[in-house]
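I have placed the structure first, in the form of structure tokens, so that the comments after it can refer back to it.
The values are calculated or read from the model by the stated rules, or taken from the named source; none is laboratory data. The structure presented is a predicted model; accordingly, all values stated were derived computationally and were not measured. Note that we place each Cβ from the backbone using ideal geometry, even for glycine, and neighbour counts take in every protein chain shown. Accessible surface is based on the protein model in full, side chains and every heavy atom, while ligands, DNA and RNA are left aside. Shrake-Rupley method; radii C 1.70, N 1.55, O 1.52, S 1.80 Å.
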Amino acid sequence: MFSIKKMLPWLSIRSKLIIAFTGLSVLPVILIGLHGIFSNVKLMEDIALENLTHDVQTIKENTANFLGNIESDLRVIHHSSPLKELLQSTEPSPHRWNDRLLQHLASDLQSFAKTKGFYYQLRLVDNDGDELLRVEANDSSGYRIAKKAELRDTREPFYFLLIQNLSKDQIAFVPGELIDKKNRRVPVISFAMPLEGVHGRVGILIANVYARNLFHVIESKRHLSVQGTIALVSGDGYYLYHSEKKKDWNKLLASRQEDNLQHDYPPSLVKLFLSGKVGNASEGIDEIVSYAPLFSAESSPLTGGSTTNFALSYFVIESVPKDVILASVRSSAWMFTGFLAIFLTAAIGLGLLATRQFTKPIAELRRGAEVISRGAYSYRIDVETHDEIEDLAEQFNAMATSLESHEREIQSHRTRLEEMVEQRTIELSEEKAKLETILDHIPSAVVLIGKDFKIQSASAALSGITEQPLVNIKGKDCSELFNKNGFSWECVCRRAMRSKKVESDIDQIIDSHGEERFIEHVAIPMSDNGNVESVLEIITDVTKKKRIEQQLLRTEKLAAAGEISAIIAHEFRNALTSIKMILQLRHETKRISRPVKQSLAVALDSISHMEQIVNELLNFARPKPMEFRAHSLNKIVNDSLTLALLHIDKRLIDVKKIFDEELPEMMLDESHLKEALINTFLNAAQAIDTEGVPKIDHSAFPTPSGKISVETKRVQLRKTLRDFAFSQKTMSDQADPIGHEVVLKRGSECGLIIIKDTGCGIDPSQLLRIFDPFFTTKTYGTGLGLPMLKRTINNHGGVVTVASKKNQGTSFNIYLPLNHET
């Protein structure tokens, strides 16, 4: 059902009333006016169609009369005495024509053409295509007989094709263009009539009529008062005449592709126009069109109903724009619109005056409602209309009084409630502050993550662990904070959310200072009715714990190694002393043969080697105390290298040394440091692989097969270095197995010793074990050289780092602090 409220919900009451009043008064006028306009439009279209149909029929009749006159002229010529006499003179030979009779016929045709005035040419052509005579118009508006030399003697197949299917006394015609002597195009309608003798066809009578005469007939006075468009169209849709586009026949023939019926009308209308029926059309176009066939090959009186190979069907079409026909209707419509606007304005004005009696009290009620809605319950409305609106105002005032009473009660309750809320807020703030203080002083970070994996809150420890301020952390996605920055490799919160169980993980990371850290993540899902709503994640930096665990494990290994070393060294030393004394006594007697004496010498050398190993074990198990004095690091390194070179074949290994002369003196233990460096130099020499080198005379080929480089320099650390130095009591006193952590902070001044070799390198799987006691890959090694190097450097407060690539060599970097506190 129609409703103004549904259609225009934002309108006021006054607007709706005005719309209703105006609609009731204006709608009948609009309906009557529109009915009159549409009736007038229909009437005008019917009148235009009737006039157009009359005009088309008139054009059709005039054209038929025009063509009938030409037909009569041709039949008069055909039955004239000169032509009959000429045709009889061709007997018995149709190829022989009497010149006298031709001249006589030409004179008659010239007089006939002058009388008619609309012929361009009258011609006689024999059966071989030779032109026998031609009477044509000249520029002086007269007619001339063409001289014999001007006659054509070539066959013109056009006319023979035109009449080939005609029988006796039939006439064919077709539009065309001829070229005059000045090469000008002359639009004509060509008529052709076969001439028959006793023995059959002997020639053709041709009459070319000016096309403009046909145009004059088409443009004759019409019944329709307004100027319309007339077009003559061929059976294939091309314009032969168009009153607006083309008035010249030759131009029409030259622009057939652009000026055609298909170009101006839809295909359905074109088919209707060329259907051969008489009718009208106006639907779907902006014109009113009347159409009819002009004549066709089947019905033309000229052809006698026979068909030719040429399109002889033509149609006349007349059209008038609807705008022209309906101009008076449009003027009436504008006049009606003006009167309607005046009437509408008057109706709205009267509506405004009438509705004011309703809207003014309603506006007062609305204003009072707005005032009371803002809390002014003491406001009262004064309306005197003596009707239902006044009763409504009195009820409104009663409601305001009731609201004012309730507002006083609500205000009293509100005051008490605000006091309670304020007190409770203070208590909650104090509890929250206590909880935050407790959480902020816990070393572990406590993070609350929501169901959308966004960080809702976090304790202060998270800022120290992630190295980001809390302001930038809250509200971030947990994976964006942890995984993106390399803080963790997998988000345990998501795992806990999926599994609904406590999940934990420990990640090994490198912080912004380049230091290795171990971070433990524990994710605790917090459920509500079986659904995980949030996750509480506890993040702890367990780097120290992990290092202590690793140090304890290594300490236990070293303690066990020291205990075993001490036992083995003690037992072996006693046994070796006894064996060595017996072998020396036996070697010194004079009653043994030379071979036996040589064997005893070899055995004593082996005993000496075993004593050396026992001494190394004892030194490792019970190291001598460190004695630090000011020494030159360059001198100690150079002396150590000189001693090591006594055991290195310089012909096979090239040794290069680069010393920083600006290195200051440092607090060093010379004996321990020399011993450690010598072992390192010898290890570098032994690592150089010479097994694949052929046994050749090196005196003849002195080129070395390996290189060892030694370099010292003063450096400032770019990152913090850490190591663990075991106590001097580690190997002998199990009651105190723990050592201390060696830390070289970033920016510290250090003396650096770099020892590089081009040897076989260290396998990556063995690189972490090279400082373990007794670990060796050499056949006769003890595995104590590098552990002793590490212990010595650690006791100096330094750190040893190793870099190695398989089959490319190894580099030892020894960092010793310049300001070492002994």
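Accessible surface of Val217, taken over heavy atoms with a 1.4 Å probe and every protein chain present, rounds to 30 Å². When nucleic acids and ligands are ignored and a 1.4 Å probe is applied, Leu17 ends up with an accessible area of around 50 Å².
Sorting Lys182, Lys454 on solvent-accessible area from highest to lowest, probe radius 1.4 Å, gives Lys182, Lys454.
The 1.4 Å probe gives accessible areas that order Arg718, Arg414, Arg629, largest first, as Arg718, Arg629, Arg414.
Between segment 331-363 and segment 15-68, the C-alpha centres lie 30 angstrom from each other. Computed about its Cα centre, the charge dipole of segment 311-470 is approximately 720 debye, with only Lys, Arg, Asp and Glu carrying charge at their Cβ. Each label point was placed 7 Å from the Cα along the Cα-to-Cβ direction; for Lys580 and Val502 their separation is 6.2 nm. Take the Cα of Phe358, step 7 Å toward its Cβ, do the same at Ser331, and the gap between the two points is 4.3 nm. For the residue pairs Lys116/Lys271; Lys597/Lys707; Lys182/Lys271; Lys501/Lys546; Lys756/Lys778; Lys546/Lys674, the C-alpha atoms sit more than 30 angstrom apart in Lys116/Lys271; Lys597/Lys707; Lys182/Lys271; Lys546/Lys674.
If you stretched the chain out fully between Ile30 and Lys805, how much longer would it get, using 0.36 nm times the residue separation minus the C-alpha to C-alpha distance? Intermediate results must be reported in sequence, preceding the final value.
Values: separation 775, 0.36 × 775 = 279.00 nm, distance 10.11 nm.
Full-extension gain reported as 268.9 nm.
Arg380 sits with roughly 90 Å² accessible to a 1.4 Å probe, with DNA, RNA and ligands left out of the calculation. Full extension of the chain segment joining Arg594 with Glu394 gains 57.2 nm, where the gain is 0.36 nm per residue of separation less the Cα-Cα distance.
Please sort by residue number the GluC sites (Glu not before Pro) in segment 363-418 whose DSSP state is loop and whose Cβ has at most 13 other Cβ atoms within 10 Å.
Working: sites: Glu364, Glu370, Glu384, Glu388, Glu390, Glu394, Glu404, Glu407, Glu409, Glu418; in loops: Glu384.
Those that pass, being in a loop and sparsely packed, are Glu384.
Would you list Arg96, Arg75 from the most to the least accessible area, probe 1.4 Å? Show your work: numbers first, answer last.
On the way: Arg96 175, Arg75 65 Å².
Putting Arg96, Arg75 in descending order of accessible area: Arg96, Arg75.
Taking a label point 7 Å from the Cα of Asp387 along the Cα→Cβ vector, which residues of segment 335-374 have an amide N closer than 14 Å to it? From segment 335-374, the list is 353-363. Distance between the modelled labels on Val371 and Val532, one decimal in nanometres: 6.2 nm (7 Å Cα→Cβ projection).
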